[in-house]
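Reviewing the structure listed below.
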Amino acid sequence: MGVLNVGQRIDEQAEFEKVYKNAWADNANACAVQYAGTGALKTDFTRTGKRTRWGLLMDGWNSMIRYYKNNFSDGFRQ
């Protein structure tokens, strides 16, 4: 497809990998907001390859919002 030059390997393209992972996580967030009303879970892992404390806190926050929405406001989305 012409993305890489001859002899280049995808695992050597750190900047491409960073852009790709961020685009993938952004897409997950967009889909999750439409479906569940909150951002996607574990996007810190998708972006960086490791879990972070901030990511765990955000997942807990998003989960609480999803629980509230599902049980008290917009269950049709859940």
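The values are calculated or read from the model by the stated rules, or taken from the named source; none is laboratory data. These figures come from a predicted structure and were not determined experimentally. Cβ sites come from the backbone with ideal geometry, for glycine too, and all protein chains shown count toward neighbours. Side chains included, ligands, DNA and RNA excluded: accessible areas come from the protein's heavy atoms. Shrake-Rupley method; radii C 1.70, N 1.55, O 1.52, S 1.80 Å.
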### Task
State, in angstrom, two size descriptors of the chain derived from its alpha carbons: Rg to one decimal place and Dmax to the nearest whole number.
16.6, 56
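In square angstrom, what is the accessible area per residue of the chain with a 1.4 angstrom probe? Mind showing how you got there, number by number?
Numbers: 6250 Å² over 78 residues.
Computed with neighbouring chains in place, this is 80 Å² per residue.
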### Query
How many percent of the accessible area of the chain is carbon or sulfur, using a 1.4 Å probe?
60
### Query
Which whole-Hz couplings ³J(HN,Hα) result when phi for each residue of region 13-20 is put into the Karplus expression 6.51 cos²θ - 1.76 cosθ + 1.60, θ = phi - 60°, listed in order with x for Gly and Pro?
9, 4, 5, 4, 4, 4, 5, 4
### Query
Cα-Cα pairs above 17 Å in region 18-60: how many percent?
27
### Rounded to the nearest 20 debye, dipole of the chain from Cβ charges on Lys, Arg, Asp, Glu
280
### Task
Work out from phi, with θ = phi - 60° and the Karplus expression 6.51 cos²θ - 1.76 cosθ + 1.60, the ³J(HN,Hα) of each residue of region 21-26, listed in order in whole Hz, and give x for Gly and Pro.
5, 5, 5, 5, 5, 5
### Query
Can you run phi through the Karplus equation (6.51, -1.76, 1.60; θ = phi - 60°) for region 31-47 and list ³J(HN,Hα) in whole Hz, with x for Gly and Pro?
5, 5, 5, 5, 7, 10, x, 9, x, 5, 8, 6, 6, 4, 5, 4, 6
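Would you please put 36-46, 64-74 in order of how densely packed they are, using the mean number of other Cβ atoms within 10 angstrom per residue and starting with the highest?
Numbers: 36-46: 18.5, 64-74: 12.8.
Taking the mean over residues of other Cβ atoms within 10 Å, the ranking is 36-46, 64-74.
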### Query
Counting alpha carbon pairs within less than 8 Å and at least 6 residues apart, what relative contact order, in whole percent, applies to the chain?
22
